[in-house]
Amino acid sequence: SQELEQSPQSLIVQEGKNLTINCTSSKTLYGLYWYKQKYGEGLIFLMMLQKGGEEKSHEKITAKLDEKKQQSSLHITASQPSHAGIYLCGALKHPTGNQFYFGTGTSLTVIP
Amino acid sequence: SAVISQKPSRDICQRGTSLTIQCQVDSQVTMMFWYRQQPGQSLTLIATANQGSEATYESGFVIDKFPISRPNLTFSTLTVSNLSPEDSSIYLCSVGVYFGPGTRLLVL
């Protein structure tokens with residue numbers, strides 16, 4: 001079974017709409033990381049959350065970490081076609097080191 | 001942040017051959033990581049490449065199939081040996097939280 005479950009698997013939204021992607025872990029989280037991947041390309045690091053209740057924003061993207069629930073949400077406000085891609089959440093395998101395991105991914109399409 | 005480059009960006013290989021992927025980082029790092037992303041799937045860690053020691057492989061990955069070199073603190077190679085169509089994937093190297101652009105491999 002997947003250690004990091006993302007929902008929804010795919011999302012199609014009209015440009016300008018808000019959306020939320022969720023990531024739930026079945027294990028203790030040692031930090032939660034959000035990435036964006038353009039189709040067939042490498043990963044772009046978006047942000048890292050380490051403490052329960054932490055919330056970070058970058059441009060129109062906000063991520064929150066609920067440590068007790070072992071889950072994180074990524075919220076995009078007023079979506080743009082440039083937001084389209086696959087969003088992946090990742091978590092560290094161990095408290096130290098930089099080995100990741102990743103969620104199942106959420107494919108986002110933004111219709112102009 | 002780290003700037004990571006990979007070569008080749010993509011390749012098409014015949015069954016039974018091998019492909020060596022290069023990863024170059026713009027700064028010295030102790031650990032580099034290699035991941036595989038099979039079509040339509042998420043990333044899976046293959047191994048950790050430490051400079052000056054043998055690579056550490058994750059469960060399900062073996063050195064004979066995925067030999068790794070780490071000759072210095074800015075460079076690593078991953079070889080995918082005895083290729084089969086099931087090896088068709090994107091292979092990515094990573095440093096810290098940063099990932100390279102990936103190498104897209106298609107095995108015929």
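The values are calculated or read from the model by the stated rules, or taken from the named source; none is laboratory data. Because the structure is a prediction, the values reported are computed rather than measured. As a convention, Cβ positions derive from the backbone with ideal geometry for all residues, glycine included, and neighbour counts pool all protein chains shown. Quick note on the areas: whole protein, heavy atoms, side chains included, nothing else; ligands and nucleic acids left out. Shrake-Rupley method; radii C 1.70, N 1.55, O 1.52, S 1.80 Å.
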Report task. Please tell me if A:Lys60 is out of contact with any Gly (no Cβ under 9 Å at 6 or more places or on another chain), of a type outside the set (A, V, I, L, M, F, W, C) and free of Cβ contacts under 8 Å to residues at least 40 places away in the same chain. Result -> yes
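For residues that are away from chain B (no Cβ under 14 Å) and not in a strand (DSSP E or B), scanning just region A:80-112, find the one that is nearest to B:Val97 (Cα to Cα). Can you show your working first?
The initial filter retains those residues of region A:80-112 that are away from chain B (no Cβ under 14 Å), namely A:80-84, A:95, A:108-112.
Of the ones still in play, those that are also not in a strand (DSSP E or B) are A:80-84, A:95, A:112.
On the way: A:Gln80: 25, A:Pro81: 25, A:Ser82: 22, A:His83: 20, A:Ala84: 21, A:Pro95: 14, A:Pro112: 32 Å.
Across region A:80-112, the extreme among qualifying residues is A:Pro95.
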Query raised in the report: Does region B:35-84 hold any residues that are closer than 18 Å to B:Val97 by Cα and of a type outside the set (Ser, Thr, Tyr), and which are they?
Result: B:Arg36, B:Gln37, B:Leu43, B:Leu45, B:Ile46, B:Ala47, B:Ala49, B:Asn50, B:Leu73, B:Phe75
Report summary line: When (1) free of Cβ contacts under 8 Å to residues at least 24 places away in the same chain; (2) out of contact with any Lys or Arg (no Cβ under 6 Å at 6 or more places or on another chain); (3) open to solvent by less than 40 Å² (accessible area, probe 1.4 Å) are applied to A:Phe45, the one that fails is (3)
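Being open to solvent by 30 Å² or more (accessible area, probe 1.4 Å), modelled with pLDDT under 95 and more than 14 Å from chain B (Cβ to nearest Cβ): is that true of A:Lys38 here?
No.
Would you mind stating whether A:Leu74 is surrounded by 21 or more Cβ atoms within 10 Å (Cβ to Cβ), away from chain B (no Cβ under 14 Å) and under 28 Å from B:Met32 (Cβ atoms)?
Yes, satisfied.
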Query - Residue that is most open to solvent (accessible area, probe 1.4 Å), among those in region B:27-39 that are at the interface with chain A (Cβ under 9 Å from one of its Cβ atoms) and not aliphatic (A, V, I, L, M) - result: B:Gln37
